[in-house]
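Trainee: Sharing a structure here in structure tokens format.
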Amino acid sequence: MPPRRSKSAPNPADAKTAALAEVRAVYAELANRPVQRDCTLLTECCQFKRTGLTPYLTRGEALVAARGVRAAGRKQLPERTDGACPLLHPHTGRCMIYTERPFGCRTHFCPAAGGPYARSEVIDLIRRLEKVDAALGGSGPRMLPGAVADALAEMR
Ligand code: SF4
């Protein structure tokens, strides 16, 4: 007889779906915060080597970003040799997953876009992402390239 899941145990697929919905809810709430920012797609913050800054992603963010990569028709991250984000399209120069981009890409704006959010302005949202990370068995934020590559490998 096949093993049965008890009624009280959450279905792992449902738990992941709920976790990803929570990440997207965090992004939506951030967009509705009354903090004046204006990303004009300069993509300066996507130049990791030049800026010396790379976004760190919680596990839920990485899974959402990986879904964005798949939706863009790719199964793995493109190779880059210039130190820019692998999700910066090599021909268009635009983010391949803009609507699914991680929290750090939304909050660590370049000076032209109004500068980074103060931690106090988004700490509640950070806590929610950390909670999702723990629920998904994550071990805390990881650098974008490795976090998204592993999330993509998991989807194969
Ligand atoms: S995920 Fe998109 S917005 Fe974020 S650094 Fe990469 S290319 Fe830029």
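The values are calculated or read from the model by the stated rules, or taken from the named source; none is laboratory data. Bear in mind the structure is a predicted one, so any value in this text is a computation, not a measurement. Here the Cβ is made from the backbone with ideal geometry for all residues, glycine too, and neighbour counts use every protein chain on show.
Trainee: Would you mind stating whether THR92 is among the polar types (S, T, N, Q), out of contact with any Leu (no Cβ under 9 Å at 6 or more places or on another chain) and in a helix (DSSP H, G or I)?
Mentor: Numbers: among the polar types (S, T, N, Q): yes; out of contact with any Leu (no Cβ under 9 Å at 6 or more places or on another chain): yes; in a helix (DSSP H, G or I): no.
In short, no.
Trainee: In addition: I'm trying to understand the selection: among the residues of region 37-48, which are touching a helix residue (DSSP H, G or I) at 6+ places or on another chain (Cβ under 7 Å), within 12 Å of the ligand (Cβ to nearest atom) and in a loop (DSSP other than H, G, I, E, B)?
Mentor: Passing the criteria: CYS39, LEU42.
Trainee: Is it the case that GLN47 is touching a residue at least 60 places away in the same chain (Cβ under 8 Å), of a type outside the set (Asp, Glu) and more than 25 Å from GLU130 (Cβ to Cβ)? Steps first, answer last, please.
Mentor: Values: touching a residue at least 60 places away in the same chain (Cβ under 8 Å): no; of a type outside the set (Asp, Glu): yes; more than 25 Å from GLU130 (Cβ to Cβ): yes.
No; evaluated as a whole, the condition is false for this residue.
Trainee: Could you pull out the residue among THR107, THR92, THR51, THR58 that is at pLDDT below 95, within 15 Å of the ligand (Cβ to nearest atom) and surrounded by 18 or more Cβ atoms within 10 Å (Cβ to Cβ)?
Mentor: Numbers: THR92 fails: surrounded by 18 or more Cβ atoms within 10 Å (Cβ to Cβ); THR51 fails: surrounded by 18 or more Cβ atoms within 10 Å (Cβ to Cβ); THR58 fails: at pLDDT below 95.
Exactly one of THR107, THR92, THR51, THR58 is at pLDDT below 95, within 15 Å of the ligand (Cβ to nearest atom) and surrounded by 18 or more Cβ atoms within 10 Å (Cβ to Cβ), namely THR107.
Trainee: Pairs, please: C-beta under 7 Å, at least 6 apart or cross-chain, first residue farther than 16 Å from LEU144 by Cα and in region 68-86, second near the ligand (Cβ under 10 Å from one of its atoms)?
Mentor: Close Cβ pairs satisfying both conditions: ALA72/MET96; ALA72/ILE97.
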